[in-house]
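The values are calculated or read from the model by the stated rules, or taken from the named source; none is laboratory data. The model shown is predicted, which means the values in this text are computed figures rather than measured ones. Every residue, glycine among them, receives a Cβ derived from its backbone with ideal geometry; neighbour counts consider all protein chains shown.
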Amino acid sequence: MRLELKDLPIKLDQAEFIMASVFALAGSSKSKRRATAAMLVHLHQGFPMIISSGVNGTEPGTSNVMENDDLTLSLPTVIHAEVNCLNRLEDYNLWAENNDILFCTDSPCPNCLQALEKEGVQTIVYAREYRLTDHLDASDIKMFHLDLASVETKMRSAIDRMNEVIATTPSV
Ligand SMILES: [Zn+2]
């Protein structure tokens, strides 16, 4: 189900900052068409802990090519970011706890959503919404759509802040 941001279980500011870091992570995807990332976050006394993460990509050891020549189609060999995130979770015998939040750059596709439901994910926050939304509305998972422009503002302010800090650090 898609809910309004006023019902977000954490502060909007914090959600946008976490999403900015998820987009930074998506930068490591080799996709030329749409780089995506997913990050499962556990909130410990209000502080985010990364439990697992993933970007979209191909099976290790296989070709990095993820789309057809004119970049209109993703190849079926591409493993979605959400699935990579879940696989990593399973590798360590971890699971999503009730209050954990899955941050995704993009709203999950029907297949990923099914896998996320199976894994016990109850809350998803995303920033780009795929044009098909029926499966999102039909799901029991609570879903929140952040404003992409606000996330971008957070990312820029984080870079500005980082540069400020670097400027005040004496060089040795
Ligand atoms: Zn998917």
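Structure above, values below:
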{"item": "Any chance M66 is aliphatic (A, V, I, L, M), under 24 Å from A20 (Cβ atoms) and modelled with pLDDT under 95", "result": "yes"}
{"item": "Tabulated pairs, the range 19-48, first farther than 20 Å from H145 by Cβ, second among the basic types (K, R), C-beta under 9 angstrom, 6+ apart or interchain", "result": "G46/K11"}
{"item": "The range 122-147, subset under 13 Å from the mean Cα position of the chain (by Cα) and β-branched (V, I, T), residue farthest from the ligand (Cβ to nearest atom)", "result": "T123"}
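Listed here are the residues, each with its yes/no results for (1) over 11 Å from the mean Cα position of the chain (by Cα); (2) within 11 Å of the ligand (Cβ to nearest atom); (3) farther than 23 Å from K30 by Cα; (4) not aromatic (F, W, Y).
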residue: E67; (1), (2), (3), (4): yes, no, no, yes
residue: V78; (1), (2), (3), (4): yes, yes, no, yes
residue: L86; (1), (2), (3), (4): yes, yes, no, yes
residue: N93; (1), (2), (3), (4): yes, no, yes, yes
residue: L102; (1), (2), (3), (4): no, no, no, yes
residue: N111; (1), (2), (3), (4): yes, yes, no, yes
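Let's see how each residue does on (1) out of contact with any Leu (no Cβ under 6 Å at 6 or more places or on another chain); (2) over 22 Å from D91 (Cβ atoms); (3) loosely packed, with under 10 Cβ neighbours inside 10 Å:
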site	(1), (2), (3)
G27	yes, yes, yes
K32	no, yes, no
T36	yes, no, no
M39	yes, no, no
G46	yes, yes, yes
I50	yes, no, no
G54	yes, no, no
G57	yes, no, no
G61	yes, no, yes
